[in-house]
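Asker: My questions will all concern the structure given below.
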Amino acid sequence: MTDQAADSIPIPAQGKPKGPLVYRQSIFTRLTHWIWVVALFFLLLSGLQIWNAHPALYIGEQSGFAFDNTVFSIGAENSDQGVRGFTTIFGQKFDTTGVLGVSELRGRQNFVGFPGWATIPSSRDLATGRVVHFFFAWILVATLAVWLVASLANQHFWRDIVLKPRDIAGLPKDLAAHLALKFHHGRSYTPLQKLSYFVVLVILFPLIILTGLTMSPGMNAAWPWLLDVFGGRQTARTIHFGVMVLLVLFFVVHIAMVLLAGPFNELRSMITGYYRASPGTPPDVKEMSK
Amino acid sequence: MSQLILSRRRLLGFGAAGASSLILSGCDQFDFLANRDDPTRNFLERANELTYAAQRALVPDQALAREYAASEIRQGQRPNGSTDPRNVAEYAEQVATNFANYRLSITGLVETPVSFSLDQLRNMPARSQITRHDCVEGWSCIAKWTGTTLGAVLDQAKPKPTARFAVYHCYDQMGGGLSAPEPYYESSDLIDAYHPQTILAYGLNDAALPISNGAPIRIRIERALGYKQPKYVHTIELVDSFARFGKGNGGYWEDHGYEWYGGI
């Protein structure tokens, strides 16, 4: 860490004063972050491929063919204007031609749920989707285990992920600051950041893994409680899909925040570990929670 | 010091460029994974062996699939795959004679190859179970299956200690059209073959098993997906390897890129 002392010397102000460079992200946080970027990319696109094999979601144990327990579906239908794509959410039907139900693949009409550009492979291929999905599912599980052990050991979990009473009290103020696009760069995370990462890492990741396992007839025999906890195999499949949507939303907000808060500094901290904190951040003293 | 910063900057630049090209270029570039012989795909497929090993370690051999109440049978069993293989002459003949000459043969690595008529199978101790059928496509359907335990039938042929898998040969043929028709077949390990819920089903929802669901005999392996429930079965062969069947992957769908274990 010889460069840290040098970096910490405030650079003479040309405009705004600069805060110190602080060591913010451990090697485990950085490594698992980038592995997840790759794994979630493949899980999403192979997952949409798998979903296209039966583009409907149900509530309960089974899929209603002779009765109706469908909550979400994508399909194609003939109409006066040719084949149209439709997406139905809780009985509300939307024309989604061009994207969902009917799209274009290599210049031809493609009657699939999610379009070819959103799936791996681009054409319909359930077998390959499953090969890709299960490989990266193992990566996700293994990485989460490594992250959890390392984060418990190096205090990252307690310091940056778990919300303390002080963080909960500070949530409204931090939300207002984020909405005003005023970002405080400390050594640890702001309350809103802690909440987001807690939700993703402690709730959504385990939830998407467990609902995935609930779809396995083998695991149903080993852990029948999975079916009771999630309300049946088809409900578990619906939750699995819903968590996917939430993770995609997280991704969008996450990227927006990185761009707004200073992409160079944010990316540097997730690659090298070093982060330019706001002026006034103590350069050396161990800062517990801002 | 300045060199260090420069290299970090460069690294960040590479990272950003790589990420954006991945996002902007669409996903056609991963289509090579669809090639069944692609080495990268074959590497990814090894995760399936891990899944099989993990489930065999985690799922007790005798652990049962959930059985449901009769009130959960809310619809007929949805047929999928082959639903009427009367294009196969042998099978058409069986249907024409109402399976009077049907024999289920147990062959391969057994001391005494045996075969049974449908009546003989129906007279063996029967077991009924209301279970959930999970198709690999993602849908599920609950139905009542009646049959006789496969393990007890296999025991009558006295399996040799070298037997490792059961291969289920079926009347129906898949493909056709541009590709040559391929007989449907499936296989399982002996843990699944001897599982207490693994039955030779001849009844569905309190009626004789219909043609669309696999008459006269369909194997139910309740802890696996639908493609592991072969229909129209005529021969069960115990083997130590399935290399010589089809393309050697242990089943029709396995020969077309699906994984063999089928428990997830």
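The values are calculated or read from the model by the stated rules, or taken from the named source; none is laboratory data. As the structure is a computational prediction, the values presented were derived from the model and not from experiment. As a convention, Cβ positions derive from the backbone with ideal geometry for all residues, glycine included, and neighbour counts pool all protein chains shown.
Asker: Mind checking which residues of region A:62-81 are within 8 Å of chain B (Cβ to nearest Cβ) and in contact with a Phe, Trp or Tyr (Cβ under 7 Å, 6 or more places away or on another chain)?
Answerer: From region A:62-81, those within 8 Å of chain B (Cβ to nearest Cβ) are A:62-67; that's our starting set.
Matches in region A:62-81: A:SER63, A:GLY64.
Asker: For region B:168-238, which fully contained strands (runs of 3 or more DSSP E) count at least 3 residues that are on the phi < 0 side of the Ramachandran plot and of a type in the set (Asp, Glu)? If you could, list the steps in order and put the result at the bottom.
Answerer: On the way: elements: B:182-189, B:199-204, B:218-220.
It comes to B:182-189.
Asker: For region B:42-97, how many residues meet the condition of being among the aliphatic types (A, V, I, L, M) and either within 25 Å of A:LEU213 (Cα to Cα) or touching a His at 6+ places or on another chain (Cβ under 6 Å) (or both)?
Answerer: At the first step, the residues of region B:42-97 found to be among the aliphatic types (A, V, I, L, M) are B:44, B:47, B:50, B:53-54, B:57-59, B:63-65, B:69-70, B:73, B:88-89, B:92, B:95-96.
Those left that are additionally either within 25 Å of A:LEU213 (Cα to Cα) or touching a His at 6+ places or on another chain (Cβ under 6 Å) (or both): B:44, B:47, B:50, B:53-54, B:57-59, B:63-65, B:69, B:73.
Within region B:42-97, residues that are among the aliphatic types (A, V, I, L, M) and either within 25 Å of A:LEU213 (Cα to Cα) or touching a His at 6+ places or on another chain (Cβ under 6 Å) (or both) number 13.
Asker: If the requirement is being surrounded by 21 or more Cβ atoms within 10 Å (Cβ to Cβ), under 17 Å from B:GLU45 (Cβ atoms) and either hydrophobic (A, V, I, L, M, F, W, C) or outside the structural domain of B:LEU118 (by TED's automatic domain parsing) (or both), which of these qualifies: B:LEU238, B:LEU225, B:LEU209?
Answerer: Details: B:LEU238 fails: under 17 Å from B:GLU45 (Cβ atoms); B:LEU209 fails: under 17 Å from B:GLU45 (Cβ atoms).
Sole residue among the options that is surrounded by 21 or more Cβ atoms within 10 Å (Cβ to Cβ), under 17 Å from B:GLU45 (Cβ atoms) and either hydrophobic (A, V, I, L, M, F, W, C) or outside the structural domain of B:LEU118 (by TED's automatic domain parsing) (or both): B:LEU225.
Asker: A further question follows. Taking region B:252-264, which residues are within 9 Å of the chain's Cα centre (by Cα) and on the phi > 0 side of the Ramachandran plot?
Answerer: B:GLY262
Asker: Before we move on, is A:GLY273 in contact with a Ser or Thr (Cβ under 9 Å, 6 or more places away or on another chain), surrounded by fewer than 19 Cβ atoms within 10 Å (Cβ to Cβ) and within 14 Å of chain B (Cβ to nearest Cβ)? Working first, answer last.
Answerer: Details: in contact with a Ser or Thr (Cβ under 9 Å, 6 or more places away or on another chain): yes; surrounded by fewer than 19 Cβ atoms within 10 Å (Cβ to Cβ): yes; within 14 Å of chain B (Cβ to nearest Cβ): yes.
Considered against the rule, which asks whether it is in contact with a Ser or Thr (Cβ under 9 Å, 6 or more places away or on another chain), surrounded by fewer than 19 Cβ atoms within 10 Å (Cβ to Cβ) and within 14 Å of chain B (Cβ to nearest Cβ), A:GLY273 comes out as yes.
Asker: Out of the residues in region A:214-226 that are facing another protein chain (nearest Cβ under 8 Å) and within 24 Å of the chain's Cα centre (by Cα), which is surrounded by the most Cβ atoms within 10 Å (Cβ to Cβ)? Even if it seems obvious, please write down each step before you answer.
Answerer: The initial filter retains those residues of region A:214-226 that are facing another protein chain (nearest Cβ under 8 Å), namely A:215-222, A:224.
Those still in the list that are within 24 Å of the chain's Cα centre (by Cα) too: A:215-216.
On the way: A:MET215: 21, A:SER216: 24.
Among those that are facing another protein chain (nearest Cβ under 8 Å) and within 24 Å of the chain's Cα centre (by Cα), it is A:SER216.
Asker: Assess whether A:THR190 counts as being in the same structural domain as A:SER269 (by TED's automatic domain parsing), of a type in the set (Ser, Thr, Tyr) and under 30 Å from A:TYR274 (Cα atoms).
Answerer: Working: in the same structural domain as A:SER269 (by TED's automatic domain parsing): yes; of a type in the set (Ser, Thr, Tyr): yes; under 30 Å from A:TYR274 (Cα atoms): yes.
Yes, satisfied.
Asker: Among the residues of region A:230-239, is there at least one that is small (Gly, Ala, Ser), within 30 Å of A:HIS54 (Cα to Cα) and assigned to a helix (DSSP H, G or I)? Working first, answer last.
Answerer: Applying the first criterion (small (Gly, Ala, Ser)) to region A:230-239 yields A:231-232, A:236.
If we keep only those that are within 30 Å of A:HIS54 (Cα to Cα) too, we end up with A:231-232, A:236.
Now drop any that are not assigned to a helix (DSSP H, G or I), which leaves A:236.
Yes; the residues of region A:230-239 include at least one that is small (Gly, Ala, Ser), within 30 Å of A:HIS54 (Cα to Cα) and assigned to a helix (DSSP H, G or I).
Asker: All but one of (1) in a strand (DSSP E or B); (2) more than 14 Å from every other protein chain (Cβ to nearest Cβ) hold for B:HIS133; which doesn't?
Answerer: Going through (1) in a strand (DSSP E or B); (2) more than 14 Å from every other protein chain (Cβ to nearest Cβ) one by one, B:HIS133 breaks only (2).
Asker: Right, next: Checking A:GLU104 against (1) at pLDDT 95 or above; (2) not in a helix (DSSP H, G or I): exactly one of these is not met. Which one?
Answerer: (1) is the only condition that A:GLU104 fails.
Asker: Taking the options A:LEU207, A:LEU181, name whichever one is assigned to a helix (DSSP H, G or I), in contact with a helix residue (DSSP H, G or I) (Cβ under 8 Å, 6 or more places away or on another chain) and either surrounded by fewer than 18 Cβ atoms within 10 Å (Cβ to Cβ) or assigned by TED's automatic domain parsing to the domain that holds A:LEU40 (or both).
Answerer: None of the others qualify; the one that does is A:LEU207.
Asker: Do we find that A:GLY85 is away from chain B (no Cβ under 14 Å), modelled with pLDDT of 95 or more, surrounded by 21 or more Cβ atoms within 10 Å (Cβ to Cβ) and part of a strand (DSSP E or B) in this structure? Show your work before the answer.
Answerer: On the way: away from chain B (no Cβ under 14 Å): yes; modelled with pLDDT of 95 or more: yes; surrounded by 21 or more Cβ atoms within 10 Å (Cβ to Cβ): yes; part of a strand (DSSP E or B): yes.
In short, yes.
Asker: I'd like the full set of residues that are assigned to a loop (DSSP other than H, G, I, E, B) and either small (Gly, Ala, Ser) or more than 12 Å from chain A (Cβ to nearest Cβ) (or both), limited to region B:53-88. First the steps, then the outcome.
Answerer: Going through region B:53-88, the residues assigned to a loop (DSSP other than H, G, I, E, B) turn out to be B:59-69, B:73-88.
Across region B:53-88, the qualifying residues are B:ALA63, B:ALA65, B:ALA69, B:GLY76, B:GLY81, B:SER82, B:THR83, B:ASP84, B:PRO85, B:ARG86, B:ASN87, B:VAL88.
Asker: Another question, then. Could you list, ordered by first residue, the pairs with Cβ atoms under 8 Å in which the first is in region B:141-154 and within 14 Å of another protein chain (Cβ to nearest Cβ) and the second is in a helix (DSSP H, G or I) and surrounded by fewer than 23 Cβ atoms within 10 Å (Cβ to Cβ), at least 6 apart or interchain?
Answerer: Pairs found: B:ILE142/B:GLU72; B:LYS144/B:ALA70.
Asker: On the given criteria, is A:LEU171 surrounded by 13 or more Cβ atoms within 10 Å (Cβ to Cβ), assigned to a helix (DSSP H, G or I) and in the same structural domain as A:TYR23 (by TED's automatic domain parsing)? Give the steps one after another, and end with the answer.
Answerer: Working: surrounded by 13 or more Cβ atoms within 10 Å (Cβ to Cβ): yes; assigned to a helix (DSSP H, G or I): yes; in the same structural domain as A:TYR23 (by TED's automatic domain parsing): yes.
Against the criterion (surrounded by 13 or more Cβ atoms within 10 Å (Cβ to Cβ), assigned to a helix (DSSP H, G or I) and in the same structural domain as A:TYR23 (by TED's automatic domain parsing)), A:LEU171 qualifies.
Yes/no per residue for (1) in contact (Cβ under 8 Å) with a residue 40 or more places away in the chain; (2) closer than 28 Å to A:GLY82 by Cα; (3) surrounded by 18 or more Cβ atoms within 10 Å (Cβ to Cβ); (4) at the interface with another protein chain (Cβ under 7 Å from one of its Cβ atoms):
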{"position": "A:ARG106", "(1), (2), (3), (4)": "no, yes, no, no"}
{"position": "A:GLN109", "(1), (2), (3), (4)": "no, yes, no, no"}
{"position": "A:GLY116", "(1), (2), (3), (4)": "no, yes, yes, no"}
{"position": "A:ILE120", "(1), (2), (3), (4)": "yes, yes, yes, yes"}
{"position": "A:ASP125", "(1), (2), (3), (4)": "yes, yes, yes, yes"}
{"position": "A:HIS133", "(1), (2), (3), (4)": "yes, no, yes, no"}
{"position": "A:ALA137", "(1), (2), (3), (4)": "yes, no, yes, no"}
